[in-house]
Amino acid sequence: MLEVADLTLDYPDFHARYTLEVPTGALCGLIGPSGGGKTTLLHAIAGFERPTSGALRLDGRDLLPLAPAERPLSMLFQEHNLFPHLTAVQNVGLGVDPRLRLSGAQQRDVDAALQRVGLKGLGGRRPAELSGGQRQRVAIARALVRKRPLMLLDEPFGGLDPGLRREMIALVDALRRDERLTVLVSIHTPEDLGEAADLMAFVDGGRVLAAAPPREILALGWQPAIDRYFGR
Amino acid sequence: MKLLPGLAALLLILGVVTTAFVGLLLAAGPEPADLPWGYVASVVRFTLLQSVLSTALSLILGAAIALALARRTSFPGRSLFIAALNLASVLPAIVVVFGVIEVLGRAGWLGAGLRLVGVDPGAWLYGLPGILIAHVFFNVPLAARVFLASLAAVPGERWRLATQLGMPPATIFRVLDLPVLKREAPAIAALIFLLCFTSFAIVLTLGGGPRAATLEVAIYASVRFDVDFARAGLLALLQVAICLTLVLPILWLGRRPAESAASGVTAARPDAGDRRVRLVDRIVLAVGGLLVLPPLIAVALSGIAAFASLFAADVGKATATSFAIAIPAALISLLLALGLAATARALRGAGRSGAAGLMSVSSGAILAVPPVAVSAGLFVVLRPLADPFALAIPLIVLVNALTALPFVLRQVEPPLILSAERYGRLAASLGISGAWRIRLVDWPLLRRPLLAALAIATALSLGDLGVAAFFGSGTILTLPLLLYQRLGNYRIAESASVALLLALLVLALFLAAQRWSGETLARSR
């Protein structure tokens, strides 16, 4: 279980206080207006932002004292997930050893991860030689080889076509089922999540205003803020 | 009709440069066998040696300072340090020479300190050491500024990724920093090399004699002292050939697209907290501070101490002459730039981007044929027709206008392009054209860049020593010439006030340009 309890962040122009529970192995979609605090929540969980108070636990383990690299999670961003001068294999390899000193077995892990995400034979290509979807697949492969139980995705497929977005969501969904990953994904178009999401959290004004199964969140009249967001 | 301003500007630029070039060819003559090839070879060798060393030192220290500043985003005095770097890169070369002599010269701070312990430092500064120190003083800030801007443009996501992956500092350097430095290094190295290769004031004053002469100084000496036009022509042609081979790669490298800017807020660098990295950064920043700050402080302190000498008659006369040259030069440069930019815009609008590019690139003709080479060529061509010294002021104005042109164009061309991109179709659809379009559409975007361009061109011309020395030495007196003469006569205290005055004038102009253009102080010397 991922537990976010009164996790508070204070900025000169923004105050956030999050509470959210995501069961282990669940896929939770974060929705809400731009500037509402979805990315801040993900960054706080990843350790890029420092909360002033509150609790953050994964399966009972306190994550707050841990440095970002020590946290049991991998994060994908919308852009710039890859280093442009490194090949796909090297970019994935960074997830195994940040110094890129890989043993034979580790190399095989990297190749297997690339195969899992459908990039067999493309490991020697640099990001510029890959399509947008392929680049995100490389980043997902790196998350796989890191073998961390929590995956955070910050609008990772925003730049892709609708069909490709759903394809990528399906890939993430399949991987989380196979690997028993807990996934938090912030997304602009909730319908892309389809049946994949177990949970949907509506974030606005630095608060999780609602967290429930998607059908309930999407239902008319659940919360005025959600209705406003959907333009109803 | 829209082609006329650009074509007229192009004709003038190419006319002056071609005339100078033909003059050099005529001067070099058909029988180069009589020329002192040994001397020419030694001049070329020394020019290349000091340029390579200056470039290498500037790049290494500039990159180290940029990395240290990128990692240390907040320390007491950071803004001051960056301001000092910016200031160092815009001071006239002759002022920097004064500052370096005040600190490291025999009678300077170092000399005084060494004499206290019974050591006479001698004239160690004059020759290669002094040239390298002054060049590094100028070019380290330039390299640091370019590298720092590129490092700051690394997307925040990459730093977060490096943090998440737990990359150690060495890997961060290899994976994140080094590619940025490698990407920027060729263009900045070529530019620094070119600046050092054509450096005049520094080599003339700190070279210490013919042993440490560069092509630029040797051309000057051939014309002014030895009256050997054949040698001057040959040296200038050599210089043009080498500069041309450098300018083309610079133009090509300058067109290379940079990585897209960061998409989000810049993130903290994970290597900033490492104890060893912190120590290295402190050492680098201390070395950078020791290089840049003392000459600046020396110029300020010595100038204030010698404030009274500022009221001498020759200072007033030199100031007036400097402005009498700088203001017309700036106005001519601005007119040429506006002509080129307006025509380039019209050509781009007509889908002729190649011809438009030629307009923009032609402003850099002076980079290929440096000011002293142009001066030498014009001198040779004019000599049978008129007394070049009698035409000193118009000639200096003309060459200074061409020298400032690339920097002026850099200010005025982007807003003209922007106005076409943003409002071109709208203006056309509404029937807004001619002077009304200039007033309604272009002027609001162009007003501040025009002022900035004028300020930069005036500052560049105020700081010129090379062209003024070529045509004007003995007949006219500008502030840099006055400073050069006083330094040559060991009138250090009187030099100090002129150095400070010149520094303040140039600084005020660059600050005004910065305010108008919204850019940081840029090296445009």
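Couple of notes before you dig in:
- Among residues of the stretch B:353-369 that are over 14 Å from B:ALA9 (Cβ atoms), those with a beta-carbon under 7 Å from a residue that is β-branched (Val, Ile, Thr) at least six positions away or on a different chain give the pairs B:LEU367/B:VAL247; B:ALA368/B:VAL240; B:ALA368/B:VAL247; B:VAL369/B:VAL17; B:VAL369/B:VAL240.
- Positions within the stretch B:416-471 being within 30 Å of B:VAL227 (Cα to Cα) and in a helix (DSSP H, G or I), in sequence order: B:LEU460, B:SER461, B:LEU462, B:GLY466, B:VAL467, B:ALA468, B:ALA469, B:PHE470, B:PHE471
- Test: residue in the stretch B:346-369 that is in contact with a Gly (Cβ under 7 Å, 6 or more places away or on another chain), crowded, with 23+ Cβ neighbours inside 10 Å, assigned by TED's automatic domain parsing to the domain that holds B:GLN411 and over 30 Å from B:SER495 (Cβ atoms): yes
- Looking across the stretch A:30-71, the residues that are hydrophobic (A, V, I, L, M, F, W, C), in contact (Cβ under 8 Å) with a residue 60 or more places away in the chain and within 14 Å of chain B (Cβ to nearest Cβ) come down to A:LEU42, A:ILE45, A:ALA46.
- Residue satisfying condition, being under 28 Å from A:HIS43 (Cα atoms), part of a loop (DSSP other than H, G, I, E, B) and in the same structural domain as A:THR182 (by TED's automatic domain parsing), within set A:LEU100, A:LEU160: A:LEU160
- Counted residues, the stretch A:207-221 - those being surrounded by 15 or more Cβ atoms within 10 Å (Cβ to Cβ) and either modelled with pLDDT under 85 or touching a His at 6+ places or on another chain (Cβ under 6 Å) (or both): 2
- For the stretch B:137-183, filtering for residues that are free of Cβ contacts under 8 Å to residues at least 40 places away in the same chain, away from every other protein chain (no Cβ under 13 Å) and either crowded, with 21+ Cβ neighbours inside 10 Å or in contact with a Cys (Cβ under 6 Å, 6 or more places away or on another chain) (or both) leaves 0.
- The requirement of being of a type in the set (A, V, I, L, M, F, W, C), over 19 Å from A:MET75 (Cα atoms) and assigned to a strand (DSSP E or B) is not satisfied by A:ALA201.
- Qualifying residue in the stretch B:309-329 (condition: under 23 Å from the mean Cα position of the chain (by Cα) and closer than 23 Å to B:VAL240 by Cβ): yes
- Selection from the stretch A:72-90 of residues that are part of a loop (DSSP other than H, G, I, E, B), facing chain B (nearest Cβ under 8 Å) and within 19 Å of the chain's Cα centre (by Cα): A:PHE77, A:GLN78, A:GLU79, A:HIS80, A:ASN81, A:PHE83
- Filtered residues of the stretch B:98-132 (kept if within 30 Å of B:ALA70 (Cα to Cα), out of contact with any Pro (no Cβ under 9 Å at 6 or more places or on another chain) and surrounded by 21 or more Cβ atoms within 10 Å (Cβ to Cβ)): B:GLY130, B:ILE131
- Qualifying residue in the stretch B:37-60 (condition: buried (at least 21 other Cβ atoms within 10 Å of the Cβ) and more than 23 Å from B:VAL369 (Cβ to Cβ)): yes
The values are calculated or read from the model by the stated rules, or taken from the named source; none is laboratory data. Quick caveat: nothing in here was measured; it's all calculated off a predicted structure. Positions of Cβ are generated from backbone atoms using ideal geometry, with glycine treated the same way; all protein chains shown enter the neighbour counts.
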